[in-house]
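Everything on this sheet refers to the single structure shown next.
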Amino acid sequence: MSRRGRALLFVLLAAATAAIAAGIANSYGSSVARGYGPLRPVAVISTDIRRGQRIDPKAIGSNLTTRRVPARFVPSGALAFPEEALGLVAEATLPAGSYLLSTQLSPPGQGRPRAPGLGRGRRPVELSVSGAGALLAVGPTPVGARVDVVVTSEPGGSGRGRTYVAAAGVPLLALKPEAEGPGSGIAAATLGLTKGQALRLIAAESFARKVTLLLVR
């Protein structure tokens, strides 16, 4: 085969490979949408944002990115695009890997002194949670860490319960293992919550099968 013929063959093979990869990606996206519902954009923190750091175009390029995730997993108050945070200031250190929430930001100069571990507009709320053993397994009680609060509802007519993040990246203020007795697997966790988060989670305690804390890394 001539050199020109080999070059043409390589071009055709590359085009075919790209088409196959695109087909696989589209199939995967459709599969996710069928299994978990429609996808929506959400702003995600890619590298830690310092307390008091102002969100500028440079931060959008280095600290923030956009992902598409199932809408059912997106917490209330999550920003869809990093550009929505331009000009705002982080109320606390925001860890990489978590969603960017409107409650974590404020206009410059509007910060005010607050209790250690609590963001502006947050208050301590005690909840009964499952899975405390997993948090304690990594070492001493991770007080001061950020956690996602995941609610699993009782099965409905479809026979399956719904699992979703009810509050993302909230401060863990205290954790008392096995509040209902040894072996129960239930703990009393005190979290720094906004009023809206507190109302949702207090209500969830009455109808949910379990409320679980996941440590944010």
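The values are calculated or read from the model by the stated rules, or taken from the named source; none is laboratory data. Just so it is clear, the structure is predicted and the values come from calculations on it, not from any experiment. Note that each Cβ is placed from the backbone with ideal geometry, even for glycine, and that neighbours are counted across all protein chains shown.
Okay, residues lined up against (1) surrounded by 16 or more Cβ atoms within 10 Å (Cβ to Cβ); (2) free of Cβ contacts under 8 Å to residues at least 40 places away in the same chain; (3) closer than 20 Å to Y164 by Cα:
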residue: P38; (1), (2), (3): no, yes, yes
residue: D56; (1), (2), (3): no, yes, no
residue: R68; (1), (2), (3): no, yes, yes
residue: F73; (1), (2), (3): yes, no, yes
residue: S76; (1), (2), (3): no, no, yes
Would you mind finding the one in E83, E126 that is part of a helix (DSSP H, G or I) and modelled with pLDDT of 80 or more?
E83
Only one residue in R112, R120 is over 30 Å from A208 (Cα atoms), at pLDDT below 80 and either in the same structural domain as A204 (by TED's automatic domain parsing) or of a type in the set (D, E, K, R) (or both). Which one?
R112
Can you name the number of the only condition in (1) assigned to a helix (DSSP H, G or I); (2) modelled with pLDDT of 85 or more that T190 fails?
(1)
Tell me whether the range 13-26 contains one or more residues that are part of a loop (DSSP other than H, G, I, E, B) and either within 17 Å of the chain's Cα centre (by Cα) or at pLDDT 65 or above (or both).
no
Any residue in the range 88-103 that is more than 18 Å from the chain's Cα centre (by Cα) and either assigned to a loop (DSSP other than H, G, I, E, B) or modelled with pLDDT of 70 or more (or both)?
yes
